Each structure stands twice: as structure tokens, then as C-alpha cells.
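Heads up: the structure comes next, in C-alpha cells.
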Amino acid sequence: MSSPRTIGDTPQGGPVQGFYVRKGTARRPPIAHGDGIYLWDAAGRRYLDASSGPVVSNLGHGNRRVLEAMRAQAEQVTFAYPGLFESEANVALADLVCKLAGPGLDRAFFVSGGSEATEAAIKLARQYALAIGQPGRVTVIGREPGYHGGTLGALAVTGDHHAEEVFGPLMRTMPKVPAPLGYRLPPGHSVESYAHACARALEDEIVRQGPTTVLAFIMEPIGGLASGASVAPAAYYEEVRAICDRHGVLLIYDEVMSGAGRTGTFLAADHWPSVRPDLVTLAKGIAAGYTPFGALLAPDRVVDAVVEAGGFLHGHTYFTNPLSCAIAHAVVGEMMDRDLIGNAARMGLLLRERLDALAARSRVIGDVRGKGLLMAIELVADKESKRMLPCELVAPARLGAFALEEGLALYSRRTSKGTFGDWVMITPPLIIDAAQVDELVGLLERAIIAFELSLSAG
């Protein structure tokens, strides 16, 4: 029998994990194929994809309609530069996505992922300010915790102190205000009063910076990994919108995780219909892992002003390429034709019920939160006091290892080295059914039990 493969066991090349873990570490299971909500490794072992990878695979794996659209477009043309040609796939996707996004999000600019979408949003906002005669607007306020991508512009508005310590000297770090987390509250606050205080902190920061210097405020309407699917009270969104309007600040919703139907509406913004963002970014589920893809949605008033001033000073080699647009169009079409947004709402309610019941049986699940199929569980040392697990334990990764042993694939990247707590995303593909929800939670419970036993053993 051959020895197990390890990182660094070849003189050159090797898996990408060699950039993340030391030589000698056991390699990850080699992936063989996927079908529906399941993945299989090369040894034939099956895994339920409980987090859709990093909250990407909304349609699951091996969708025939998407694969056929991929083949058909590839046979026609895979790449045509937008500076020279218009693409039918681009137009069809833009028409469909803007229709689903609703009033005020009239145009779509397609890129290769969420970080690129954030960069595009910031740059479009800046050019809009110049176009309307407000050149002093140069500051984008973010939230802490918050995440908007890995490129330097996106990191500048990301609220992660560890990333800021490492990369801060390379960029102009933007100011942050607290995100309205609802599990651990400051003394004397309710969920509602703390959310109000967080909104007031935004206005205070705008005033401190100088209102005519603030370009935009960027936030996830429903938290992604950075806050573990945190949802604020409705009044928070209304207050933020009013504050931005009062000071002429653009409101950017980062819907990279929450958009494309995952929360039971096409945009998470749709849960609060009286509050409309100025710009929206999408990625992940909009192409469901079938191609690297992202989008910026913007209103005519912004795009027209920028065009009249000379056009958008931004682009990438692969932006709006026909192959990716055709794939994303098939993904969104499949989502709509199969009512997967409705399924996300229905199965989300069932998943929440099952996770709440599991939390009641567990001594380490302190909180269950989210909307639709964008859910998270928070892991704690003590449920009554909400005391965090030791930082050095790296609890999400430890639980993830136990889960993989049980045949459950969990997304377990950590935020700010655990400063705000440790949570794991429970975000299965939107195609999941009731029996599979029960299967997911059953496997998760086995992993939780193993995790709890490991804590008892020290």
C-alpha cells in the first residue's frame, strides 16, 4: 500500500493548498465528481455539500441545463472583447438580472467575481461623484466585521483587523463603523437599541470625516461569513438609507453571498422593499460555481452621468465575456424556472427549525441565525454566558474536520481570527429537499457530538 500523499511531496507543482499549510500536512481528498448536493472523492466517498463550497453552488453540481448552455456557447464563441463587439449572451443576461433586481437597478456590469464587483462599485461611485461636480468625495465607509473581497480596494473597505494588519501598509484603509451584531450585545443594549446605535455611529463617522468627503457606505444587508449570517432589525436599514440620503452618500449593498435567491428573495434587499440601495454587487450564486463570475448593478442616473463625463474608466480582460454570460444566464433561468428562490424560503424555514432543535440538544451551539438558506451556527464554550471558545482552538476548522469525517463538507474560514466569535455557515444548494435537510442536520449533529467529545478530552 502506498503512503498517504502530503503537501510538498513533489519537487515542483502540487496542489494549491501548498500556499496555506506546511509541507508534510496530509493532502485534502481528491475530488472526483459531483451531482446534485453531493460530491465524491477519488476513493468513492460521498460528501453532502452543506455550505455550497464557500456559499457558491446554488444549483448544486452537474446541472444538465447549465452544462448544455456552456457547450453551446463554447461552440459559437468563448471570447469577444466588448470594445469591439456586442454579445447576445451579455444582453440576455443583463436584461434578465436587471428585471429581477427591480426598479433603480437598471444596468449590469459583469466581471469575474465578488472582489472585482466591489472594485467596480467603488470606481463607478467615484466617477459619478466627479461627473456631478463633487470631486471631494473620496472616502468609503465600511463595517466591522465585514468582508468585501481580497483585492486591495476591496480589502480597504473590509472590516477585518487581521487582514488590515498584514495589508494595511499597501493601501489607504477606509474608516469602519460597527456592524449591528445581535448575539453578544454591549451592556445596557437590546438588539434594537444596539442596531440604532450602529446606525448613529455611521452618521457620526460621516460628520467626523466631513459629509462632502464621503462617497459611499458599503454593507452586506444579510451578513456573509464575516458576521455569520447576521440580520439586523428592519429599522436599521431604514435609518441607514435616511442617513445616506441626508448626506448625499451612495449606499452599496454587497450581495455576493446573500443575492441570487439564497435568502428566499432574488436580492436580500427585497426583504426590506421600502429601502433601496444605490448600487448592488453580486457573485457566487449568480453563476453557481459553473464559471468565475460577478456583477455590479447600477441605476441609469449613475451610469448616464458617468458616460456623459467620458465613460467608465474601468474594465478587465474577461469582463462580460460571452461564455460566462451564457452560463450565468442558464443558472438564473434554471433558478427561476424551478422556483428555487421559493424553495430557499421554504427549506430555509425547515432548516432553521431543525438547527434550533439541534442547538437545544447541543452544549456548544449558542446561536442560529440567518434567512432562507443563508444560515449560520455560532460555537461557544458556554451557552448561558455566551463565552467564546479559546481562540487557539480554531473551532470552525476543528468542527469542519469532524464534519468531513462524517461525510459533510462545511465552509469554515475564520473572521478576524475569531475576535467576534466562531461560526460555521450552513448554506446548502437551493435545490435541497426536506429529506436532505434532515440528512444534513443528522450528519452535522454527529460532527457536533465528536467536537464536544474532543473538548471534554482536552
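Semi-axes of the equivalent ellipsoid for segment 20-84, please: Cα gyration tensor eigenvalues, times 5, square-rooted, ordered largest first, whole Å. Write down the numbers at each step before the final one.
Details: eigenvalues 184, 67, 30 Å².
Its equivalent ellipsoid spans semi-axes of 30, 18, 12 Å.
Just the accessible area for Arg65, please: 1.4 Å probe, Å², rounded to the nearest 10?
Approximately 100 Å² of Arg65 is accessible to the 1.4 Å probe.
Straight-line reach only, C-alpha to C-alpha below 21 angstrom: list the lysines that Lys383 could link to, leaving out same-chain residues fewer than 8 apart.
Result set, ordered by chain and number: Lys417.
Under the rule that an exposed site lies in a DSSP loop and has at most 13 other Cβ atoms within 10 Å, name the longest stretch of the chain with no GluC sites (Glu not before Pro) of that kind, not counting the sites themselves. Kindly include the intermediate steps, with their values, before the conclusion.
Details: sites that count: Glu86, Glu384.
Looking at the chain, 87-383 is the longest stretch - no exposed GluC sites (Glu not before Pro) with at most 13 other Cβ atoms within 10 Å.
Using a 1.4 Å probe, how large is the accessible area of His61, given in Å² and rounded to the nearest 10?
40 Å²
Need the full-extension length gain, Ala234 to Arg361, defined as separation in residues times 0.36 nm minus the C-alpha distance. One decimal, nm.
On the way: separation 127, 0.36 × 127 = 45.72 nm, distance 3.04 nm.
Difference between extended and current length: 42.7 nm.
Using a 10 Å Cβ count of at most 13 others and DSSP loop calls, identify the longest part of the chain lacking such chymotrypsin sites (Phe, Trp or Tyr not before Pro). Walk me through the intermediate numbers first.
Numbers: sites that count: Tyr20, Phe79, Phe85.
Between the exposed loop sites, the longest stretch runs 86-458.
Hey, which aspartates and glutamates would be in cross-link range of Lys23, C-alpha to C-alpha under 13 Å, not counting anything within fewer than 8 residues on its own chain?
Output for Lys23: Asp9.
When averaged across all projection directions, what area in nm² does the alpha-carbon convex hull of segment 150-235 cover?
Mean projected area of the Cα convex hull: 6.5 nm².
Could you run the Debye sum over the Cα atoms of segment 228-277, one equal point scatterer each and no solvent, and tell me log10 of I(q)/I(0) at q = 0.14, 0.16, 0.24, 0.25 Å⁻¹, two decimals?
Per q value, in the given order, log10 I(q)/I(0) is -0.36, -0.47, -0.97, -1.03.
Roughly how many debye, to the nearest 20, is the charge dipole of segment 285-361 about its Cα centre, given +1 on each Lys and Arg Cβ, -1 on each Asp and Glu Cβ, and no other charges? Don't skip to the end; give the middle numbers.
Numbers: 6 positive and 8 negative charges, 88 e Å.
The dipole magnitude comes to about 420 debye.
Mind putting together the pair-distance distribution for the chain? All Cα pairs, 20 Å bins, whole percent per bin, short to long.
Percent of pairs per bin, in order: 24, 58, 18, 0.
Cα centroids of segment 188-263 and segment 133-147: how far apart, whole angstrom?
Segment 188-263 and segment 133-147 have Cα centres spaced 12 Å from each other.
Which percent of Cα pairs goes in each bin when the distances of segment 336-458 are cut into 10 angstrom slices starting at zero?
14, 46, 31, 9, 1, 0
With a 1.4 Å probe and all protein chains kept in place, how much accessible area does His196 have, in Å² rounded to the nearest 10?
Surface accessible to solvent at His196 totals approximately 90 Å².
Which lysines, on any chain, are close to Lys123 with Cα under 25 Å apart, when same-chain ones fewer than 8 places away are left out?
Straight-distance partners of Lys123: Lys99, Lys176, Lys284.
Which semi-axes, in whole Å and largest first, does the equivalent ellipsoid of segment 309-377 have when worked out from the alpha carbon gyration tensor as the square roots of 5 times its eigenvalues? Spell out each step's value before the answer.
Values: eigenvalues 298, 66, 20 Å².
One finds semi-axes of 39, 18, 10 Å for segment 309-377.
With the calculation restricted to Cα positions, what are the radius of gyration and Dmax of segment 237-308 in angstrom?
So, for segment 237-308, Rg and Dmax equal 13.5, 41 Å respectively.
Just the number, please: Stokes-Einstein D of segment 121-182 in µm²/s, Kirkwood Rh from C-alpha pairs, 4 °C, 1.567 mPa s.
104 µm²/s
The values are calculated or read from the model by the stated rules, or taken from the named source; none is laboratory data. Keep in mind that what you see is a predicted model, and the values were worked out from it rather than measured. Please note: Cβ atoms are built from the backbone with ideal geometry, for glycine as well, and neighbour counts cover all protein chains shown. For the accessible areas, the whole protein counts, side chains as well, though only heavy atoms, and no ligand, DNA or RNA atoms are used. Shrake-Rupley method; radii C 1.70, N 1.55, O 1.52, S 1.80 Å.
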